[in-house]
Amino acid sequence: MICFKQTKLLNYLEPRLGYNQGKVFSIAKWRKGVLARDKNKCRNCFNAITDVYRHRNPSNEAHHIIARHHGGKNALNNGITLCRFCHDYFDLMYFRYGMDYFDIIKKKSAEKRIEEVRDLMRRQYLNHLINLISD
């Protein structure tokens, strides 16, 4: 069974080798490089989403397209700048669809992606309120 899992993983990474090409950086330099390349703008919503519950803009984060535990490297091609809410959305899509999540997200319209992120943000906030009330 372990051989099948490794083979499956290699097949997943095969068409995505372009994400791992280029110079490999330390994690801090990679993060700074990705944020600088994208001009510190979220590549999913372009900072259109604000935290309406706390009345402030979220900070932007660097996200690995192929996770490091799946063989992704700290190459600039393997990074994308996302706001905190879009980063949560990309992680949710990864858990839902696996390694194909990035291709699925790219096929959706920007309005659809932003609406899905806002829906996720509302659910997280409601769960937070429920936890506060139940404690």
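The values are calculated or read from the model by the stated rules, or taken from the named source; none is laboratory data. It should be emphasised that the depicted structure is a prediction, and the values quoted were computed from it without experimental measurement. Here Cβ is always computed from backbone atoms with ideal geometry, including for glycine, and neighbour counts include all displayed protein chains. Note: areas computed on protein heavy atoms with side chains; ligands, DNA, RNA excluded. Shrake-Rupley method; radii C 1.70, N 1.55, O 1.52, S 1.80 Å.
Quick notes on this structure:
- Residues within segment 105-119 that are open to solvent by 20 Å² or more (accessible area, probe 1.4 Å) and either closer than 21 Å to ILE66 by Cβ or touching a helix residue (DSSP H, G or I) at 6+ places or on another chain (Cβ under 6 Å) (or both), tallied: 4
- First in segment 86-104 and closer than 13 Å to MET121 by Cβ and open to solvent by less than 30 Å² (accessible area, probe 1.4 Å), second anywhere and in a helix (DSSP H, G or I) and of a type in the set (D, E, K, R), Cβ under 7 Å, 6 or more apart: TYR89/GLU116
Table: residues versus (1) at pLDDT 75 or above; (2) among the β-branched types (Val, Ile, Thr); (3) touching a His at 6+ places or on another chain (Cβ under 6 Å).
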| site | (1), (2), (3) |
| --- | --- |
| LYS8 | no, no, no |
| TYR19 | yes, no, no |
| LYS23 | yes, no, no |
| LYS29 | yes, no, no |
| VAL34 | yes, yes, no |
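- Where a residue in segment 18-43 is outside any helix (DSSP H, G or I) and its partner, wherever it lies, is of a type in the set (D, E, K, R), with Cβ under 8 Å and at least six apart: VAL24/LYS73
- For the criterion of being in contact (Cβ under 8 Å) with a residue 60 or more places away in the chain and either within 26 Å of LYS23 (Cβ to Cβ) or not in a helix (DSSP H, G or I) (or both), ALA48 passes.
- LEU76 meets each of the listed conditions (1) open to solvent by 30 Å² or more (accessible area, probe 1.4 Å); (2) hydrophobic (A, V, I, L, M, F, W, C); (3) within 13 Å of the chain's Cα centre (by Cα); (4) under 20 Å from GLN21 (Cα atoms) apart from (3).
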